[in-house]
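Accompanying notes for the structure given below.
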Amino acid sequence: MEIEDWPNLVAMFLANAEARRERPFLWEKRNGVYQSTSWGEAAHQVSALASALQARGLGPGDRVLLLANNSPRWVIADFAIMAAGCVTVPVYTTNTISNHTHILGDIDASAAIVSTATLARPFLEAARQFETLRHVIAMEDWGDLDRGNAVVTSWDDAVAEGKTGAGAVAAAAPAIDRDATAAVIYTSGTGGNPRGVMLSHRSIIANCVGAAEVLEEVGLDDEVFLSFLPLSHAYEHSAGLMFPVSIGAQIYFAERVDTLTSNLLEARPTIMTSVPRLYEVMREKILRDVSRQGGLREKLFSAAVMLGRKRYESPEAMTWTERIADRVVDRLVRDTFRSRFGGRLKALVSGGAPLNYGVGLFLTALGLRLLQGYGQTEAGPVITCNRCGRIKLRTVGPPLKHVELRIADDGEVLVRGPLLMDGYWRQPEASAEALREGWLHTGDIGVVDDDGYLRITDRKKDIIVNSAGETISPQKIELELALEPEIDAAMAVGDNRPHIVAIIVPASDFVTRWTESRGVSASLAELRENRDFIGAIGQAVDRANRNLAPAERVKRFVVVDQPFTIENGMMTPTMKPRRHMILNRWGPAIDEAGR
C-alpha cells in the first residue's frame, strides 16, 4: 500500500509490523551494546498497552501526556495512545513545574506515561493540582518517589493487563478516523505560554508522503535512521519517527550528544535528520581535529574543502587539473570523512531552524548530501525541502508533494494542503488568525525563485528559533528578567544561535544605589566596563534563569548605556520594544557576546 493510502498512523504501523515481524525495528543501548526491539514485539506491546488504557476508561479524544527520553518505549507508548483512540501530548523532558502546570491545566489530560523518577518528580508536583489526571503509567521503577494522589501502574503490569484485549485493538485500528487528532504538540506562542498544535493523522501522513518523494531519488530500501532530537519535537516526531515507520525503516536512538560520534559508527545510518546546531558542532570539531593533526593531512583537507566549494559554487570555472585533484582528495580525504558517519549515509536532512550557508557548504564540500528544509509545527511540520538532484544551499527547497505555497502581498509565506494543523487547542481566535481562508499564515517572509525554491528572508514573528530548532518565547524571558530589581528592561535574542543572549537596561535606582555605596561617580557607559557592576547584573540574570527552562536561559548578556524610549526610537508608543531598531544599534555587541 502507498503511504498516502493508509487510513491512519496506527494501521500504517501495524501493517508494516505484520510484514516484518521478527526483523529489527527499534535499537537502544543496553549494558553498553545496541539491542533491538523487533517489529512484532513492538506491535504486541502497542496493542496490549492500548488495551490497558481502554480498560481504564480512556477512549476517543482523551489526552494522554507522554514524558520520556527517546527510547523504544516512547515509540510504543505513542502508537498505543493513538491505538486506544486517544491523543498523544508529548512534552519536553526539560519542562519545569510551571511548564507542566500550564500544559496540564490547558489540556485536561486523563492519563500520563512517564519514564524516570527524575522526570516524574516535577511532573507529579504539578499534577497534584489537577483531578482530571486519573492514571499514570511508569516506564521505569521510581523507587520511593512520592506519588501523591496519582494511581501509578508499572509499564510491565499495564502491558500484561492488556494482553487479553490486544487482538481487539489491532482489529479496530483501520477504523480510526484519518482526520482525528493524533497529537497535540505544544509550541511557544507570542503571549509567552506554549500553545497546543492539533495535528491529525492526515497531517502527519502528508508529511510522510512528502518526505518519501524528496528521498526517492536516493532509493528507499531497508533504511536506517539515527534519532538524536527529542521525539517531543514536531520535526523529529514526523521526520525521525513517523516517516521511518512509514517506509519500514530501523531507528537507532543516540545515547547523548557526547556519544554521537561513536553512535554514528555503531548505527551506520543511511538517513539522518537533525537541526543546524548539530552540523555547526560537527564542523567545529572537524576543524579542531584537523588543526591538531597539521602537516600534510591539514593541507589535503584544506584542498578537499576548497575544491569541493568550487565544484558546488562554480563548477564551470574548475580547470582540468583541479578536476583531477578533486577526484584524488575524494579518495584520500572525503572517503575517510564519510566513514565517520558509518560509511553508508545517503542524506543528511537539516530543519527546525535556518542553516548557516557556510556550514552547509563546508559539509557539501566534504562529500555529504545535505538537504535543508523548512517548516512549522502548524504544518506537520515540514513544508519544503531541497531535492537530491538539485540542492540550493541558500534556499529551503520547493514545497513537498501536495503542498501549495504562495507569497502574500506583504511577503509573508502562505501554505495550504493536507499537512496543516486543525488549529490551536482551545484557542479559536488564534486558530482563525493563523488559518485564514484555508491558508496557514506562517509569519515568515520569503521569496520563491524561478525553480520554485523558497528562500526565507525575514520573520514577522518575534518567536525565537535557536540553532537547535527549539521555539522560545522572548517575551517570557524578558518578563522574568524585568522582575529583578537590578533590571529595568531586557530584550532576548536567539534566532539561529546556540543560546540566548540578552540586551539589558539596568534599573536607574539600582545604578544609583550601587555607585553611591562604592563612592563612585560613573556613567552607564563607564559602568558597562566595570567587572563588579557586570557581576551584580549577572547575579540578577542567574536568579531569573531559575524560573526558565534550559533552552530559555540567558547564557550571555550585553549591558547597554541608554534606556529603551519612544524618543530614541527603541520603543513603540504602546511601550513595546522595536526589536529591529535595538538590534541595529546593539547587533555587533550581541554578536560579540554570543560567541
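The values are calculated or read from the model by the stated rules, or taken from the named source; none is laboratory data. Predicted model only: the values in this text are computed from it and were never measured. Note: ideal-geometry Cβ built from the backbone for every residue, glycine included; neighbour counts use all protein chains shown.
Listed by first and then second residue, the pairs linking a residue in region 387-414 that is on the phi > 0 side of the Ramachandran plot and surrounded by 18 or more Cβ atoms within 10 Å (Cβ to Cβ) to a residue that is part of a loop (DSSP other than H, G, I, E, B) and at pLDDT 95 or above, with Cβ atoms under 6 Å apart and 6 or more places separating them unless they lie on different chains, are 397/386; 397/453. Are there any pairs with C-beta distances below 9 angstrom linking a residue in region 573-587 that is among the aromatic types (Phe, Trp, Tyr) to a residue that is modelled with pLDDT of 80 or more and in a loop (DSSP other than H, G, I, E, B), with the two at least 6 apart or on different chains, and if so which? Filtered contacts from region 573-587: 586/560. Listed by position, the helices (runs of 4 or more DSSP H) inside region 515-595 whose residues that are modelled with pLDDT of 90 or more and more than 27 Å from the chain's Cα centre (by Cα) number at least 1 are 531-545. Kindly indicate whether residue 96 is surrounded by fewer than 20 Cβ atoms within 10 Å (Cβ to Cβ), among the hydroxyl-bearing types (Ser, Thr, Tyr) and under 21 Å from residue 50 (Cα atoms). When the stated conditions are applied, residue 96 does not pass them. Every test in (1) more than 26 Å from the chain's Cα centre (by Cα); (2) in a loop (DSSP other than H, G, I, E, B) is passed by residue 498 save one, and that test is (1). Within region 46-68, residues that are closer than 14 Å to residue 79 by Cβ sit with their Cβ atoms under 8 Å from residues that are basic (Lys, Arg), at 6+ positions apart or across chains, in these pairs: 48/163; 51/163. For region 449-459, the candidate set comprises residues that are in contact (Cβ under 8 Å) with a residue 40 or more places away in the chain and within 16 Å of residue 375 (Cβ to Cβ); within that set, the residue that is surrounded by the most Cβ atoms within 10 Å (Cβ to Cβ) is 454.
Would you point out the residue of region 510-556, among those that are more than 26 Å from residue 92 (Cα to Cα) and among the charged types (D, E, K, R), that is surrounded by the most Cβ atoms within 10 Å (Cβ to Cβ)? Residue satisfying both the conditions and the ranking: 528.
The condition (being crowded, with 16+ Cβ neighbours inside 10 Å, touching a residue at least 60 places away in the same chain (Cβ under 8 Å), of a type outside the set (S, T, N, Q) and over 19 Å from residue 550 (Cβ atoms)) is satisfied by just one residue among 507, 489: 489. One residue stands out among those in region 215-236 that are charged (D, E, K, R) and closer than 21 Å to residue 12 by Cα: the one that is surrounded by the most Cβ atoms within 10 Å (Cβ to Cβ), which is 236.
Within region 89-111, residues that are at negative phi have Cβ atoms under 9 Å from residues that are assigned to a helix (DSSP H, G or I) and of a type in the set (Asp, Glu) in these pairs: 90/78; 97/125; 100/125; 101/125, counting only partners at least 6 apart in sequence or on another chain. Of the strands (runs of 3 or more DSSP E) lying entirely inside region 17-79, those containing at least 2 residues that are in contact with a Phe, Trp or Tyr (Cβ under 6 Å, 6 or more places away or on another chain) and on the phi < 0 side of the Ramachandran plot are 24-30, 33-38. Being of a type in the set (A, V, I, L, M, F, W, C) and either within 23 Å of the chain's Cα centre (by Cα) or at pLDDT below 95 (or both): is that true of residue 87 here? Against the criterion (of a type in the set (A, V, I, L, M, F, W, C) and either within 23 Å of the chain's Cα centre (by Cα) or at pLDDT below 95 (or both)), residue 87 qualifies. Of the residues making up region 362-376, those that are more than 22 Å from residue 213 (Cα to Cα) and outside any helix (DSSP H, G or I) are 366, 367. Each residue in region 237-280 was checked for being surrounded by 16 or more Cβ atoms within 10 Å (Cβ to Cβ) and either assigned to a helix (DSSP H, G or I) or among the hydrophobic types (A, V, I, L, M, F, W, C) (or both), and 28 pass. Take the residues of region 531-549 that are in contact with a Phe, Trp or Tyr (Cβ under 9 Å, 6 or more places away or on another chain) and without any contact (Cβ under 8 Å) to a residue 40 or more places away in the chain: which is farthest from residue 505 (Cα to Cα)? My answer is 532.
Residues that are assigned to a helix (DSSP H, G or I) and either more than 18 Å from residue 5 (Cα to Cα) or in contact with a Phe, Trp or Tyr (Cβ under 8 Å, 6 or more places away or on another chain) (or both) within region 215-236 comprise 215, 217, 218, 234, 235, 236, listed in sequence order. For region 377-398, taking the residues that are under 20 Å from the mean Cα position of the chain (by Cα) and in a strand (DSSP E or B), the one that is nearest to residue 201 (Cα to Cα) is identified as 382.
Residues that are at pLDDT below 95 and in a helix (DSSP H, G or I) were ranked within region 2-16; the one that is surrounded by the most Cβ atoms within 10 Å (Cβ to Cβ) is 3. May I ask you to list the residues in region 142-168 that are touching a helix residue (DSSP H, G or I) at 6+ places or on another chain (Cβ under 8 Å), free of Cβ contacts under 8 Å to residues at least 60 places away in the same chain and among the hydrophobic types (A, V, I, L, M, F, W, C)? Across region 142-168, the qualifying residues are 142, 145, 150.
Applying the condition of being assigned to a helix (DSSP H, G or I) and β-branched (Val, Ile, Thr) to region 281-321 and asking which residue is surrounded by the fewest Cβ atoms within 10 Å (Cβ to Cβ) yields 321. Against the conditions (1) touching a helix residue (DSSP H, G or I) at 6+ places or on another chain (Cβ under 7 Å); (2) modelled with pLDDT under 95; (3) under 19 Å from residue 197 (Cα atoms), residue 67 satisfies every one except (2). Of the helices (runs of 4 or more DSSP H) entirely within region 116-205, those holding at least 1 residues that are among the charged types (D, E, K, R) occupy 117-127, 155-161.
Residue check: is residue 188 under 19 Å from residue 90 (Cα atoms), modelled with pLDDT of 95 or more and either small (Gly, Ala, Ser) or surrounded by fewer than 20 Cβ atoms within 10 Å (Cβ to Cβ) (or both)? So residue 188 does not fit the description; no.
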